[in-house]
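Take a look at the structure below.
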Number of protein chains: 2
Amino acid sequence: MSVGIEWVIDADGCDAERLRDLGLVRRLLETIVVELSLRVVEGGATFHAFPAPGGVTGLFLLTESHLACHTYPERGVATFNLYCCRERPEWAWEPKLRAALGASQVRVRRLIRCPDPMSTGAERAFAERERS
Amino acid sequence: MSVGIEWVIDADGCDAERLRDLGLVRRLLETIVVELSLRVVEGGATFHAFPAPGGVTGLFLLTESHLACHTYPERGVATFNLYCCRERPEWAWEPKLRAALGASQVRVRRLIRCPDPMSTGAERAFAERERS
């Protein structure tokens, strides 16, 4: 028994203007929350826009753990972490980030948090398969 | 050029009472912030204690990205994410989490976020070495 799954997503080739748009990024994170039936803890949403040419950050403290996003307009990159201690379906990161941010490449890594036993093995390698 | 390093830490065998102590967990996160010279964005610290027998969560929105901690007293587990888009030294996770939380096993994974090029290779395998 682990304490959850973490999805680690790196999206490259994104549209820089969209990565600077805090409202757009916020709506994207809210869409993920709604579509995966996640629950945001009261007062648990934090957003920040860094001075130009910087990007934006959004953090959600969830009943299920957390959702984080950082954008780097100068690199065309957006990164996401979704850590869920409750089983959730896969979100369609690749097509949805292509549509929302104009991403040309989306890499999804899936980590098991604190697997039991924590030692490495075939099961973990299987569970932590990488998909792009 | 990547957009940063993420340390993913799972600590097992921790003392359950300490994992329920929001003040202790908050001080631990603040110690990490101070010792690594991280900068918390104004209003960017969020904490939550779940109802018993639940644990606690802390999230820091950093100029350097984010620091997150979730505890699971019923499992004796604490998990941490430290994502830094600015080069930082290694924090001594294993001895410090043994001392602070009574952890018996600490696993540290190190991920490169959005390496350039994002394709896999020996360089990434080297950078993402696992240490325990």
Under the helix-only model (-39500 (n - 2.57) for each DSSP H run of 4 or more, divided by the residues of chain B), the mean residue ellipticity at 222 nm, to 500 deg cm²/dmol, is -7000 deg cm²/dmol
Sorted shortest first, the nm distances from the A:GLY13 label point (7 Å along Cα→Cβ) to its counterparts in the other copies are 4.6
In nm, the gap between the two label points placed 7 Å beyond Cα toward Cβ at B:GLU87 and A:SER37 is 4.7 nm
Result for interface chain B to chain A, accessible surface buried in total, 1.4 Å probe, Å² to 100, stands at 3600 Å²
Taking r as the C-beta separation of A:ALA99 and B:SER104 and R0 as 41 Å, the FRET efficiency to the nearest 0.05 is 0.35
Expressed as a whole number, the average count of other chain Cβ atoms within 10 Å around the Cβ atoms of A:13-19 is 0
Diffusion coefficient in µm²/s returned for chain B by Stokes-Einstein, Kirkwood Rh over C-alpha pairs, 25 °C and 0.890 mPa s, is 161 µm²/s
Length-normalised contact order of chain A, Cα under 8 Å, at least 6 apart, in percent, tallies to 36 percent
Region B:69-105 and region A:19-81 have their Cα centres apart by a whole-number Å value of 23 Å
If labels are modelled 7 Å from Cα along the Cβ direction, A:GLU90 lies from its partners in the other copies at nm distances, smallest first, of 3.4
Sorted largest first, the Cα spans of region A:1-69 on the principal axes come out in Å as 42, 27, 19
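If you count, for every residue in B:61-71, the Cβ atoms of partner chains within 10 Å of its Cβ, what is the mean?
5
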Counting only protein heavy atoms and rolling a 1.4 Å probe, one gets per residue an accessible area for the protein assembly as shown in Å² of 42 Å²
Longest principal axis of chain A (C-alpha) makes with the long axis of helix A:22-35 (C-alpha) an angle, in degrees to the nearest 10, of 30 degrees
Shortest first and in nm, the label-point separations between B:GLU35 and its counterparts in the other identical copies (7 Å out along Cα→Cβ) come to 4.0
For the protein assembly as shown, the percent of accessible surface on carbon and sulfur atoms (probe 1.4 angstrom, ligands and nucleic acids excluded) is 53 percent
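The values are calculated or read from the model by the stated rules, or taken from the named source; none is laboratory data. This structure is a prediction, so every number in the text was calculated from the model and none was measured. With ideal geometry, Cβ positions are generated from the backbone for all residues, glycine too; neighbour counts draw on all protein chains shown. Heads up: the accessible areas ignore ligands, DNA and RNA and are worked out on the full protein's heavy atoms, side chains in. Shrake-Rupley method; radii C 1.70, N 1.55, O 1.52, S 1.80 Å.
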